[in-house]
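Data block below; observations after.
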Amino acid sequence: MSDINNNKRIAKNTMMLYIRMLFSMVVSLYTSRVVLNTLGVEDYGIYGVVGGVVVLFSFLNNAMSVATQRFLNFELGRQDMFRVKCVFNVSITIYIFIALLIILLSETIGIWFFYTKLNIPFNRQNAAMWVYQMSVLASCLSVIRIPYNALVIAYEKMSFFAYVSIIEVLLKLLIVIVLVHIAFDHLIMYSILLFIVSFVVVVVYVLYCNLNFSVSKYSFCWDKELFGKLTSYSAWNMFGASAGVAKDQGINFLLNIFFTPSINAAHAISMQINSAIFQFYNSILVAAQPQIIKYYAAQELEKMYRLVFWVVKIIYLLLIVISLPLFFDTSFILNLWLGTVPEYSVPFIRILIGITCVDAMATPLMTVAHATGKIKLYQSLVGTITICIIPVSYLFLRYGGLEPTIVYVISLCLSIVNFFIRLWFVNDLAKFPVYDFLSQVMFRVIIMTIILVLFMYLMGNLFICDSVFIFVVKLVISSALSLFLFYCLCFNSREKNMFINKIQSCFKQYVKF
């Protein structure tokens with residue numbers, strides 16, 4: 001019964017997160033177009049690259065975020081509320097230090113990098129510095145927010161998580177509406193208003209947690225053993241986190257160094273598309289991750305394996321439904337969405353879709369590795385391979401004189417290598433059934449992908465996408481075929497029976513004769 005309740009809770013939480021995601025995606029598509037047209041291609045590129053300087057330092061709080069989430073979920077899985085409170089309080093203490101460290105690094109190394117390495121037009125340097133300083137402050141606020149965010153997710157209060165995200169999106173929509181009518185420098189005002197939104201969201205999180213969770217009332221707590229575990233775990237996770245940030249922002253900086261801000265605008269657009277796709281599948285990850293870690297903490301490994309298999313298959317279905325039309329009709333979608341499309345946006349997005357699919361399906365495996373707490377060798381190897389994109393891409397751009405798309409191709413190759421390394425590690429750390437995973441999940445996914453790609457290619461040759469009507473028709477056909485193939489190829493017999501029983505139950509409940 002407990003297992004059934006857990007699955008129902010995951011489904012309910014996923015639904016709430018999807019409502020949040022769909023709303024956020026629709027608003028983001030609108031706001032991106034308005035912001036691009038309001039700021040212009042050059043200022044849009046400047047905002048992307050300057051904000052990236054601060055993001056480069058965010059690996060500090062990203063590493064601690066994963067640590068806090070893991071330890072909270074683990075102690076909740078063991079039902080030890082005293083340890084849950086200790087984890088939260090020690091995390092807050094560490095985060096205060098991290099916020100101060102981010103300010104120190106941003107105002108020293110970051111300032112040096114801003115003035116000596118970034119390619120920013122002289123007449124826009126003042127505005128860019130405003131963007132930089134507002135980004136530093138927003139980054140510090142995000143540090144303070146993380147333990148509260150982790151607590152909400154650990155307790156699986158996804159409705160609150162979804163509502164706050166919707167409020168945040170509405171505030172950003174209000175910014176776009178106001179920005180068009182402001183006579184002051186749009187780039188400066190945009191950065192200031194985004195900082196204000198970040199401040200409001202942090203206040204809401206703190207108030208909610210203090211009112212609903214007794215463990216969130218902060219009091220200074222010094223647990224040397226727990227501090228050691230958190231910092232040790234975070235130290236090794238920090239390398240992996242920093243490698244991921246370095247990969248994304250390193251691409252941004254390399255494109256700025258070897259090309260022009262307009263290429264950074266194309267990169268920013270592709271990353272925004274990537275963010276939208278991430279939101280599309282991240283809902284089920286956020287809903288399932290606490291249960292994966294809790295299953296491991298309770299040593300219910302078979303349940304954990306089944307849940308990971310299921311999550312990977314559902315992630316694939318969500319990705320294939322949204323990615324196929326986007327991949328084959330990229331130019332049409334970008335022209336419809338933006339009007340003005342920066343050069344190289346189309347190839348950037350197409351390659352990034354492949355990278356996203358590989359990384360997304362590896363994320364549940366990463367959660368299993370983090371659940372074990374034994375991540376020293378795992379993060380060392382995966383992080384090293386990830387960060388190799390920077391020197392390898394630099395050599396290709398510096399001495400090969402190649403097109404900017406080469407950095408994305410290199411990133412895709414390294415993502416595939418890391419996927420198989422993660423498989424090897426989870427087998428070693430958690431006795432993960434790799435053969436069953438490859439035969440029951442990956443093999444079927446690959447066969448389904450080949451069939452769908454061939455079908456979409458043939459349909460694309462028969463029907464040129466030059467109107468919204470044709471695009472919608474192709475989207476409906478590809479989605480229907482994806483669902484049919486997924487049912488036939490990816491469901492096992494038990495899952496097919498559960499699916500049919502659920503459909504019959506819903507039919508009997510809502511259809512009265």
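For the criterion of being among the hydrophobic types (A, V, I, L, M, F, W, C), in contact (Cβ under 8 Å) with a residue 60 or more places away in the chain, open to solvent by less than 60 Å² (accessible area, probe 1.4 Å) and out of contact with any Asp or Glu (no Cβ under 6 Å at 6 or more places or on another chain), Ile257 fails.
Looking only at region 108-124, decide whether some residue is under 30 Å from Gly228 (Cα atoms), out of contact with any helix residue (DSSP H, G or I) (no Cβ under 7 Å at 6 or more places or on another chain) and assigned to a helix (DSSP H, G or I). Yes, region 108-124 contains a residue that is under 30 Å from Gly228 (Cα atoms), out of contact with any helix residue (DSSP H, G or I) (no Cβ under 7 Å at 6 or more places or on another chain) and assigned to a helix (DSSP H, G or I).
Being open to solvent by less than 70 Å² (accessible area, probe 1.4 Å), without any contact (Cβ under 8 Å) to a residue 40 or more places away in the chain and not aromatic (Phe, Trp, Tyr) is the requirement here; does Ser482 meet it?
On the way: open to solvent by less than 70 Å² (accessible area, probe 1.4 Å): yes; without any contact (Cβ under 8 Å) to a residue 40 or more places away in the chain: no; not aromatic (Phe, Trp, Tyr): yes.
It is false that Ser482 is open to solvent by less than 70 Å² (accessible area, probe 1.4 Å), without any contact (Cβ under 8 Å) to a residue 40 or more places away in the chain and not aromatic (Phe, Trp, Tyr).
Every test in (1) modelled with pLDDT of 85 or more; (2) surrounded by 16 or more Cβ atoms within 10 Å (Cβ to Cβ); (3) in a helix (DSSP H, G or I); (4) not aliphatic (A, V, I, L, M) is passed by Phe432 save one, and that test is (3). Is it fair to say Ile251 is in contact with a His (Cβ under 8 Å, 6 or more places away or on another chain), assigned to a helix (DSSP H, G or I) and crowded, with 20+ Cβ neighbours inside 10 Å? So Ile251 fits the description; yes. Regarding Gln299, is this residue assigned to a loop (DSSP other than H, G, I, E, B) and either open to solvent by 10 Å² or more (accessible area, probe 1.4 Å) or touching a Ser or Thr at 6+ places or on another chain (Cβ under 7 Å) (or both)? Against the criterion (assigned to a loop (DSSP other than H, G, I, E, B) and either open to solvent by 10 Å² or more (accessible area, probe 1.4 Å) or touching a Ser or Thr at 6+ places or on another chain (Cβ under 7 Å) (or both)), Gln299 qualifies. There is no residue in region 275-288 that is of a type in the set (Val, Ile, Thr) and open to solvent by 20 Å² or more (accessible area, probe 1.4 Å).
In the condition set (1) more than 27 Å from Phe161 (Cα to Cα); (2) of a type outside the set (Asp, Glu); (3) open to solvent by 20 Å² or more (accessible area, probe 1.4 Å); (4) at pLDDT 85 or above, Leu336 is compliant with all but (4).
How many residues does region 439-464 contain that are open to solvent by 30 Å² or more (accessible area, probe 1.4 Å), in contact (Cβ under 8 Å) with a residue 24 or more places away in the chain and either within 16 Å of Phe327 (Cβ to Cβ) or of a type in the set (Phe, Trp, Tyr) (or both)? Selection size over region 439-464: 5. Tallying residues that are touching a residue at least 24 places away in the same chain (Cβ under 8 Å), assigned to a helix (DSSP H, G or I) and within 18 Å of Thr68 (Cβ to Cβ) within region 202-234 yields 16. Checking each residue in region 465-484 for being farther than 12 Å from Pro325 by Cβ and among the hydroxyl-bearing types (Ser, Thr, Tyr) picks out only Ser467.
Cβ-Cβ distances below 9 Å connect the following pairs, each with a first residue in region 93-109 that is within 17 Å of Tyr132 (Cβ to Cβ), a second residue that is open to solvent by less than 80 Å² (accessible area, probe 1.4 Å) and not in a helix (DSSP H, G or I), and a separation of six or more residues or different chains: Ile102/Ser58. Give region 171-222 a look and list any residue that's of a type in the set (D, E, K, R) and open to solvent by 50 Å² or more (accessible area, probe 1.4 Å), or say none. Matches in region 171-222: Lys172, Lys217.
Hey, does region 67-76 have a residue that's open to solvent by 40 Å² or more (accessible area, probe 1.4 Å) and part of a helix (DSSP H, G or I)?
The answer is no; no qualifying residue exists.
Ile320: assigned to a helix (DSSP H, G or I), touching a Ser or Thr at 6+ places or on another chain (Cβ under 7 Å) and within 19 Å of Ser482 (Cβ to Cβ), yes or no? When the stated conditions are applied, Ile320 passes them. The C-beta contact set for region 366-387 (first residue touching a residue at least 40 places away in the same chain (Cβ under 8 Å), second residue open to solvent by 10 Å² or more (accessible area, probe 1.4 Å) and polar (S, T, N, Q), distance under 7 angstrom, 6+ apart or interchain) comprises Thr367/Gln289. Considering only residues in region 227-245 that are of a type in the set (S, T, N, Q) and under 21 Å from the mean Cα position of the chain (by Cα), the one that is most open to solvent (accessible area, probe 1.4 Å) turns out to be Ser242. Just one of the listed residues (Val84, Val90) is of a type outside the set (Phe, Trp, Tyr), modelled with pLDDT of 80 or more and either assigned to a helix (DSSP H, G or I) or surrounded by 20 or more Cβ atoms within 10 Å (Cβ to Cβ) (or both), and it is Val90. Sub-8 Å Cβ pairs linking a first residue in region 112-128 that is closer than 17 Å to Gln249 by Cα to a second residue that is surrounded by 12 or more Cβ atoms within 10 Å (Cβ to Cβ) and hydroxyl-bearing (Ser, Thr, Tyr), at least 6 apart or interchain, are Phe114/Tyr132; Asn119/Thr260, ordered by first then second residue.
Does Ile146 satisfy being β-branched (Val, Ile, Thr), in a helix (DSSP H, G or I) and modelled with pLDDT under 85? Considered against the rule, which asks whether it is β-branched (Val, Ile, Thr), in a helix (DSSP H, G or I) and modelled with pLDDT under 85, Ile146 comes out as yes.
The residues of region 368-391 that are open to solvent by 50 Å² or more (accessible area, probe 1.4 Å) and part of a helix (DSSP H, G or I), listed by number, are Lys376, Leu377, Leu381, Thr384, Ile387, Pro391.
Residues in region 81-95 that are closer than 14 Å to Thr68 by Cα and not polar (S, T, N, Q): Arg83, Val84, Lys85, Cys86, Val87, Phe88, Val90, Ile92, Ile94, Tyr95. Against the definition (over 20 Å from Lys229 (Cβ atoms), touching a residue at least 12 places away in the same chain (Cβ under 8 Å), within 27 Å of the chain's Cα centre (by Cα) and open to solvent by less than 20 Å² (accessible area, probe 1.4 Å)), how does Val136 come out, yes or no? Judged against the criteria, Val136 is a match.
The values are calculated or read from the model by the stated rules, or taken from the named source; none is laboratory data. A quick note: this is a predicted structure, and the numbers were derived from the prediction, not measured. Here the Cβ is made from the backbone with ideal geometry for all residues, glycine too, and neighbour counts use every protein chain on show. Keep in mind that these areas ignore ligands, DNA and RNA; they rest on the heavy atoms of the full protein, side chains included. Shrake-Rupley method; radii C 1.70, N 1.55, O 1.52, S 1.80 Å.
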